[in-house]
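Below is one structure, written out as structure tokens; comments come after it.
The values are calculated or read from the model by the stated rules, or taken from the named source; none is laboratory data. Keep in mind the model is a prediction, meaning the values are calculated, not measured. FYI the Cβ positions are ideal-geometry reconstructions off the backbone, even for glycines, and counts take in every protein chain you see.
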Amino acid sequence: MQKPLRIAIVGSGLVGSLLGIYLRKGGHTVHIYDRSPDIRTIQFSGRSINLAMSDRGWKALDGVGVGDEVRSIAIPMDKRAIHLKDKLNFQHYGKEGESIYSISRGTLNRKMIDLAEAAGAEFFFEQKIWDVSLAEATLHIGESERGEWKDVKYDMVFGADGAFSRIRHRMQRQSMFNYSQEFLNTGYKELNIPANPDGSHKLDKYSFHIWPRGEYMLIALPNLDGSFTCTLFMPFEGENSFAQLNDRQKVEAFFEKNFPDSIDVIPKLAEDFFKNPTSTLVTMKCYPWTYEDKVALIGDACHAIVPFYGQGMNAGFEDITILQEFIEQYGDDWKAIFEKYQDSRKPNADAIAELSYRNFMEMSSKTADEKFLLAKRIEKRFSEKHPDKWLPLYSRVTFSHRPYTEALAIGDKQKAIMDEVMLLPDIETIWDSAQVENKILELLR
Ligand SMILES: Cc1cc2nc3c(=O)[nH]c(=O)nc-3n(C[C@H](O)[C@H](O)[C@H](O)COP(=O)(O)OP(=O)(O)OC[C@H]3O[C@@H](n4cnc5c(N)ncnc54)[C@H](O)[C@@H]3O)c2cc1C
């Protein structure tokens with residue numbers, strides 16, 4: 001057991017509240033601050049962003065015994081349903097029994113706050129943190145940036161305050177602090193597929209639905225109430241862009257032309273399109289993540305990534321798993337814990353940022369390409385026959401706990417092998433032959 005400390009966590013998002021549970025179980029006093037009102041008391045706004053939880057997220061939740069509570073509000077999705085203009089294809093994600101899980105962000109966040117509170121963490125909502133004194137682990141809290149601030153001193157502060165973190169903002173003023181931020185010129189907008197009158201789902205409930213169209217795509221994830229949350233990803237400017245879709249008729253014509261099978265299931269298309277905001281996507285990297293044994297960043301506050309691998313929250317949860325491993329190893333030596341934590345996580349955060357960025361192409365273009373789907377079938381077949389020799393990249397990221405750096409490196413090697421295999425004459429007919437299997441074995445040697 002560690003010596004009990006007074007610890008502040010800034011941010012009661014997904015990562016902040018789970019971290020609160022871990023630190024409470026470790027015997028610390030935990031105060032969690034958020035600038036927003038208590039999400040549990042806010043009327044549902046009508047927007048229901050949802051997230052895909054996978055193995056790394058579950059491991060962190062199970063690590064403090066809250067996985068089953070979260071499973072009860074999640075829907076397993078074992079495959080992609082790929083909506084082409086003229087047909088529907090299915091592509092299983094992993095092995096039999098492997099799924100990613102659709103969860104409403106709001107429902108999950110409310111549950112995580114309940115669980116953290118039950119574990120003894122104290123929450124302070126509508127408290128804006130404007131600054132932190134790093135060496136003293138003191139928070140500066142107030143109504144406005146220029147108004148009066150209250151100072152609250154702690155033994156340690158965690159910045160779990162998301163991509164535009166104020167805690168990081170202070171660290172950025174240190175010399176030798178590296179920081180970069182890059183916005184995609186693709187944005188996103190949420191739409192909704194309501195439930196059938198009997199509460200059932202209008203599309204296959206256990207699939208992650210994608211309408212891949214190259215530069216842009218639509219996705220839909222199931223909700224417990226029978227609805228789906230859809231997200232349209234599209235460039236801000238250019239031929240097929242948010243800028244072009246500036247009136248009701250254009251939006252409806254665009255969907256009729258490009259997502260014909262979505263028309264009947266999105267009844268309030270134009271209404272939602274103009275009501276819901278168009279949001280940006282950012283990759284943010286920085287280093288170091290810690291200041292002595294006083295302040296540490298965690299989750300999106302130190303590694304915001306684009307959402308195309310469904311790993312942002314999962315990676316943030318894995319930060320906690322790894323931090324906990326070092327806590328168990330180094331006891332009260334927080335300096336060592338923080339150093340090991342940032343050394344271990346930074347390369348992995350960079351790797352998942354890169355993989356996420358690349359996965360936009362896979363989701364939006366390649367899933368519509370027969371050659372790509374054939375390559376995936378060949379890989380799957382080979383991996384089922386030789387599980388010790390080949391774990392597909394998606395599975396290594398999603399259904400394993402191996403480092404993201406390893407997934408990136410091995411994934412690149414596998415891609416080079418598959419590129420050669422796909423050049424074999426008549427690959428469409430011989431794809432499941434011994435010749436193809438032997439070719440892969442040879443290339444692996
Ligand atoms: C469209 C989209 C889809 C996504 N899909 C997935 C997915 O399928 N799977 C997945 O794993 N991840 C996904 N993500 C990523 C995921 O949402 C984030 O990685 C995750 O929410 C990060 O959690 P966090 O707790 O670190 O930060 P946040 O969720 O951003 O929480 C930060 C909290 O800090 C508070 N805060 C901020 N500043 C202050 C301040 N100054 N004072 C006090 N409080 C403050 C905020 O109010 C907030 O509550 C997606 C992201 C997007 C944008």
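Per-structure values
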read-out: Residue that is surrounded by the fewest Cβ atoms within 10 Å (Cβ to Cβ) [pool: residues in region 261-307 that are near the ligand (Cβ under 9 Å from one of its atoms) and part of a helix (DSSP H, G or I)]; value: Pro307
read-out: Residue satisfying all of: in region 308-332; closer than 29 Å to Met363 by Cα and part of a loop (DSSP other than H, G, I, E, B); nearest to the ligand (Cβ to nearest atom) among these; value: Gly310
read-out: Residue satisfying condition, being away from the ligand (no atom under 16 Å from the Cβ) and basic (Lys, Arg), within set Arg6, Arg71, Arg56, Arg35; value: Arg6
read-out: Matching residues in region 177-197 - criterion: being in contact (Cβ under 8 Å) with a residue 24 or more places away in the chain, assigned to a loop (DSSP other than H, G, I, E, B) and out of contact with any Phe, Trp or Tyr (no Cβ under 7 Å at 6 or more places or on another chain); value: Phe177, Leu184, Pro194, Ala195, Asn196
read-out: Of residues in region 140-160 being farther than 20 Å from Ile7 by Cβ and not in a strand (DSSP E or B), the one nearest to the ligand (Cβ to nearest atom); value: Glu145
read-out: Condition met for Arg168 (touching a residue at least 40 places away in the same chain (Cβ under 8 Å), surrounded by fewer than 18 Cβ atoms within 10 Å (Cβ to Cβ) and of a type in the set (Lys, Arg)); value: no
read-out: Helices (runs of 4 or more DSSP H) contained entirely in region 371-445, each with at least 3 residues that are outside the structural domain of Ile305 (by TED's automatic domain parsing) and under 21 Å from Gly312 (Cα atoms); value: 393-398, 404-421
read-out: Qualifying position, being surrounded by fewer than 20 Cβ atoms within 10 Å (Cβ to Cβ), at pLDDT 95 or above and in the same structural domain as Lys25 (by TED's automatic domain parsing), among Lys346, Lys257; value: Lys346
read-out: Positions within region 308-325 being of a type outside the set (S, T, N, Q), crowded, with 22+ Cβ neighbours inside 10 Å and more than 19 Å from Leu191 (Cβ to Cβ), in sequence order; value: Tyr309, Gly312, Met313, Ala315, Gly316, Phe317, Glu318, Asp319, Ile320, Leu323
read-out: Members of region 205-255 found to be over 27 Å from Val70 (Cα atoms), among the aliphatic types (A, V, I, L, M), in contact with a helix residue (DSSP H, G or I) (Cβ under 9 Å, 6 or more places away or on another chain) and not in a loop (DSSP other than H, G, I, E, B), listed by number; value: Met217, Val251
read-out: Scan of region 171-230 for residues that are within 22 Å of Pro277 (Cα to Cα) and of a type in the set (Ser, Thr, Tyr), ordered by number; value: Thr186, Tyr188, Tyr216, Ser227, Thr229
read-out: Residue under evaluation Ser17, criteria (1) within 15 Å of the ligand (Cβ to nearest atom); (2) more than 23 Å from Gly310 (Cα to Cα); (3) not in a loop (DSSP other than H, G, I, E, B), criterion not met; value: (2)
